[in-house]
2 protein chains.
Amino acid sequence: MSKAGADEGGAGGCGDSAKQLEAKDEKGGTLLSKLPAGPGWTKVSCPCCFSERVEPLVVVKLGGKVGPETKRWLIKMIGAPQKDGGAALLAHPGEDASGDIIVVSAPRCTLLRAAEELGLCKTYRSGDMEAFSYNDRDNFKDSDNMEAFLTLAERQYIVKYELDGLRAQKDLRIPGLPESRMLQKRDNIWQKLSSAGVVVDTFPLHNRKKLKDLGEAWYSGNQLAQPLDSVNDYFGSAVAFYFSFLDFYTWSLLTPAILGLTISYFSGEAQKEMVDSVSGSKVIINDDDSGPMISGHMLQAMFSMIWSTVFMELWKRRSSSLSYRWGTMNLAERFAEPRPNFHGDLGVNPVTGRMEPLFPEWKRDLRMVLVSVPVVGLFLGLVVLGMMCFYWGEAQVKQLHKDWDSLLSQALLYIPSVLHIVYTNMLGNVYRNVAQSLTEYENHREESAFENHLTAKILVVSSCFPLLLSHYLIKCRVSSLTGSPFFLQFTFFNNFAVLFHIAFFKQDVPLLRKRLASLLIVSQLVNQVTEVVIPFLVDRFISAPHRTESEDDPQEDKFRNQRTLPVFPGLFAEYIELLVQFGYLSLFSCVYPLTAVLLLINNITEIRSDAYKICNLFRKPFSPPVANMGVWQVAFEVLSFVSVISNCWLLLLSPRLQELCREGGLTSTNVLLLAVLGEHVLILIKFIMAALIPDEPDWIRKKREQMEYTSMQALKEQKLQPEVS
Amino acid sequence: MSKAGADEGGAGGCGDSAKQLEAKDEKGGTLLSKLPAGPGWTKVSCPCCFSERVEPLVVVKLGGKVGPETKRWLIKMIGAPQKDGGAALLAHPGEDASGDIIVVSAPRCTLLRAAEELGLCKTYRSGDMEAFSYNDRDNFKDSDNMEAFLTLAERQYIVKYELDGLRAQKDLRIPGLPESRMLQKRDNIWQKLSSAGVVVDTFPLHNRKKLKDLGEAWYSGNQLAQPLDSVNDYFGSAVAFYFSFLDFYTWSLLTPAILGLTISYFSGEAQKEMVDSVSGSKVIINDDDSGPMISGHMLQAMFSMIWSTVFMELWKRRSSSLSYRWGTMNLAERFAEPRPNFHGDLGVNPVTGRMEPLFPEWKRDLRMVLVSVPVVGLFLGLVVLGMMCFYWGEAQVKQLHKDWDSLLSQALLYIPSVLHIVYTNMLGNVYRNVAQSLTEYENHREESAFENHLTAKILVVSSCFPLLLSHYLIKCRVSSLTGSPFFLQFTFFNNFAVLFHIAFFKQDVPLLRKRLASLLIVSQLVNQVTEVVIPFLVDRFISAPHRTESEDDPQEDKFRNQRTLPVFPGLFAEYIELLVQFGYLSLFSCVYPLTAVLLLINNITEIRSDAYKICNLFRKPFSPPVANMGVWQVAFEVLSFVSVISNCWLLLLSPRLQELCREGGLTSTNVLLLAVLGEHVLILIKFIMAALIPDEPDWIRKKREQMEYTSMQALKEQKLQPEVS
């Protein structure tokens, strides 16, 4: 604590801040409480923003070699008002001016202005949600109490938004940095600082007390419902949408699960009867593709085709209610500042009239069509090539093994698989970088557009070829865990691909059924273990000892400790897992009616384990406000249409149907034609159903129209104003 | 003219109006000029609306037995201000108070207020199109000169809109009508009057001078471009969109036409070479499904699949530019008065806060799902049943003819066809009424929604079965022409159905080619004749003699004369014709590459003949402002996706491909599977292309976003107002 005396710099002077912190800790007792305003914190610029205690929101971790003058400059930038090119936030230098962290918070006015800029909706006087307006702030509920007005996630995101938006107002030399790191006018300061190694990391702080409450309501008890509003409050709408979808999906599984149980029961009965009637011959039971299964087979197929569309449509309605409830249905990302990496010629935005980089739409379209599409196509081709080489190689070595039949040739049998795994792995790694660069090159203005295009690129290549998909599934999870990328490769690898292969090439329904069943049971178990148990053990026994926290530790060390947790890997792996599940269910469930039951059981535990994981095993993620699941919604819908193809195909393979056709005197070509006809009709029905079920509930539609109407009226009034006054 | 003296009634006294009219006519010389304001016309309520001359816009034809007191009351209603329950229009009693017409016009204020209510966009001070606002009228260009500010079609539609919107403010007895015709409070007056036989007809007046100018620019010369803006001005946006689409479609045909010519030329060359090489044997020329055609065949098929998507996407962009240009991109139909037939419990509209009938959305959805869908399904079933009976009957009589081979059995051969025609006809007539009632029952709030749902219903049943479709095509045209519904039945009947039958059941490509060619040449010719020549002759030699107009005729008689023209039958038949054409082109053109060439030639004349027809052969239609083609756009897009199925199928049938497969050692099932795979991939490509090509040009998107942004800002400002002031 003696270091505190050495500090002379931080704007506002932070003489005895550390002492104060400590004192507070002893008094308050909560692990992460508010820091007192005043000493240590930069000064707020307007009186309305002053409050007794300042809540630390975000920690900026500086590089080891950053001198005190650079830190002082940075703190000044963070605290300076926006008209002077600052971020208008509150900064605290931690223990002293030479420490390697800066704690950042935000005053009321900055939060409110950013909330308006982001287009957040908040409860108005009338009780409706309305787009927040800074000038009209007094008519919004709780607008004087930031902790009730904005969620923790929103406040933290706003800090990041303001930091990311820092731009140099003129050419500028950063104190303590070499000449070569000069800032040019309009350079993005935060990006420059990151590339210069000054800022190593920026992460939001956990609030231990809130986290504990959330955990208790979420995963500790036997509760059936998730506290989705609290999740949105603490983790932000992106995470909350994932858990809402998981919740909605899990409960929607009830119907197919009940149907599946019924079908299994009755087909079991029927099998028994058959056994009785042909008593003695037990062959029928062992013969998996026996008759009785088939009627259930067809019922299940028809049901799952309809169910998937109804499910997606109902989810859309639920999603739009949630986004109204969370105030994100009217996000103004288009009208806000562009994302930091967006570049273009400086000009006046014709829409908002603000000065910002401009990039014409047609150029982006051109880049997508002429660069992105061909490159993605190339990688698709490489995946197919790899696949074909694998099959060719396998056939070759099998032939070789047959000819030689030695130990060496036996070993050779594994070579194609190993080579293919290595190839797919390399391709996957390269592609991930390529996709990132391509999307960067497309130069999207909004963060959400960037995310959606990146996810779409990865999804297209990976889901077109299930091999890569499972690869990604493992990749994402494993790399975020133990650092061993080959850890679970051999367990998960090929799951989906194997099912496809069996269904469409081998055309062997009984085998498909067996594999699906074993896969559902075994792999879901393994999944749970790798997802939670291993990270938990790693966290508890490997990482945690380095991170023992005692009550006496200074607040700063506790902040630093949060950095020892691994970075949250994003929701990609989680969504992919659901997508694969949904794939099992909608594509193949007709051959194994118990799929939905097993998935239901899995998901009920999955909710808890995912909740535990995000609460305890990772650093808290920044989460921008979002209005829906983005591109994942499209992915699920596409899968639901693909399911028609798969189900029709599986029905075609069913021995019962083939027998019927043979009895009916139809040639196989005619049967195939009929199946294709049926498939087209079913797809048409799904389209019509999707069009008939409205995407938003009636009351949301009314609210939306009301908003449109009032803003139309307001526009007319406003144009009149200059004349009147 | 002596009758004029007897008139004492019309509000405002119309003493010597007829004389004035005559005087004007002699002076002005134009056939339909403005009537002088003052005597005859009802008085305008505000000074700004007074103008020297009043332009007659709409004629109301009264029933023969309507007494002068009823007419006087009606004129008063039309002229009364809106706060007194009137229409705030201008009315003129024609020759005298007992004549059977009322001429209606609209004063400036009524026009402007209605323009705001309809959400029309007009040129603002800044040069952009902006939603018109009455209070801000001085900032809009030309807002003091109604004839420049609103188009003729808009002015006439506004008159109709105001008349249709007349509602009784209290229980009321109409003078001269029996007690049983009492008006209840909030009854729609115009509907009541129509059902009581007081108002027989309401139609907009032609403006001979404008019409002559339009005709000269449109169809008299050799001009290539259509005067679309003038068409929009005179006939309104619905008609203008049809002609714009026809125009765009015709020019888009150039590419496939050139390709078709090239393919025909080269395949002709190749054929000749083949003939040379196997000189002497002329068989190959006669054999239509010879080899050389096939490579062109495939090229044409691939091209037409891609072309149809690109064409539709580009049209959407064109369509959105047009709707910006014509000020209809921001129509506020949702916020305006509901359509007259809309019923529901009286209540406060939650969006606009106005008192009006309300009808919950879910009830409408329920009615659609539980009533409309099953009924439409039933009719589909009946069509299929009829079709099956026809084929069964035909097989029976053929068998009979084979067995007996007499003159009687020969006559019997025609019975199934005749029965089927009668059945389809009856079904079509019944269905048209049923569709109308169903859509009425669904109780749509907006006129455009009503129209779209009605068109969709008819399209679904008729295009699902080409038989009914061609039936409708004839039905609509013929009934509007000579009154003989069976006139062209036998020429057109089965055109489309025959092609389908040949392609999918007989699977005979050469026959398909021949039929398509003959159909394109013969039926298009017949088409043109029936569409224009016959009505023209009928009009010139049968109707016209009853309608000889001399310069000396009083203006009123000229107005009356316009009623002798047949009612414009709507654009349904026109659009269907284009749809069928587009069907020929996208579904079957790969077997006959010259399709596009023939269609191009046809369309160039079609533009002129359609223009001539609408200008001269029909009464002028009312045309609400519309923002696009509505449901027709969807129909064309659906057809473009169906074309993939048809083209893949035709490729599959091509002998060249089958030969290749046989050489490649593929079984027919495998070939079929490959074709299905190809079809799915092509549909996917079309989807992606449709998603990648933006639906509106960049500059429109910017304007739209700008509007959204400014109205968002305005809303925030406005909420602040009460506090400030």
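Computed extension gain for residue A:171 through residue A:220, at 0.36 nm per residue and net of the alpha carbon distance, reaches 12.2 nm. How high is the FRET efficiency between residue B:692 and residue A:633 when r is their beta carbon distance and R₀ equals 22 Å, given to the nearest 0.05? It comes to 0.70. Distances, shortest first, from the label point of residue B:229 to those at the same position in the other copies read 5.7 nm; the point lies 7 Å along Cα to C-beta. Charged neighbours of residue A:227, selected by a Cβ distance under 12 Å, balance to -4 (K, R count +1; D, E count -1).
Within the set of other residues whose C-beta is less than 10 Å from the C-beta of residue B:134, count the net charge using Lys and Arg as +1 and Asp and Glu as -1. All intermediate terms of the calculation are to be shown ahead of the outcome.
Working: positive: A:716, B:113, B:137; negative: B:116, B:117, B:136.
Summing Lys/Arg as +1 and Asp/Glu as -1 gives 0.
Once each part is reduced to its C-alpha centroid, what is the distance from segment B:514-529 to segment A:389-413 in angstrom? Cα centres, segment B:514-529 to segment A:389-413: 65 Å. Counting Cβ atoms of other protein chains within 10 Å of each Cβ in A:354-365 and taking the mean gives 1. Across peptide B:697-707, the mean count of Cβ atoms from other chains lying within 10 Å of each residue's own Cβ comes to 3.
Of the cross-linked pairs B:457/B:613; A:210/A:558; B:316/B:702; B:316/B:620; A:170/A:192; B:160/B:702, those separated by over 24 Å at the C-alpha level are B:457/B:613; B:316/B:620; B:160/B:702.
Cβ neighbours within 10 Å, averaged per peptide: list B:257-264, A:406-413 in order, most packed at the top.
B:257-264, A:406-413
Here is how far apart the residue A:419 label points are across copies: 7.0 nm, shortest first, using a point 7 Å from Cα toward Cβ. The stretch between residue B:299 and residue B:430, if pulled fully straight at 0.36 nm per residue, gains 42.8 nm over its current Cα-Cα span. Taking the centroid of alpha carbons for each part, segment A:76-118 and segment B:658-695 are 58 Å apart. Take each residue of peptide A:130-139, count the partner chain Cβ atoms within 10 Å of its Cβ, and average: the result is 4.
Packing-wise, with mean Cβ within 10 Å as the measure, how do B:592-600, A:392-400, A:594-602 rank, highest first?
The peptides rank, most packed first, as B:592-600, A:594-602, A:392-400.
Using a 7 Å projection from Cα along Cα-to-Cβ, the label point at residue A:506 is separated from the same position in the remaining copies by 4.8 nm, smallest value first. If you take all other residues with their beta carbon under 13 Å from the beta carbon of residue B:58, and give Lys and Arg +1 and Asp and Glu -1, the sum is +1. This ranking places B:707, B:298, B:77 by how few other beta-carbon atoms lie within 10 Å of each, fewest first, which gives B:298, B:707, B:77.
Rule-based calculations on the coordinates, nothing more; no lab input. Worth saying up front: this structure is predicted, and the values here are computed from it rather than measured. Quick reminder, even Gly has a Cβ in these numbers, built from the backbone with ideal geometry, and neighbours come from all protein chains shown.
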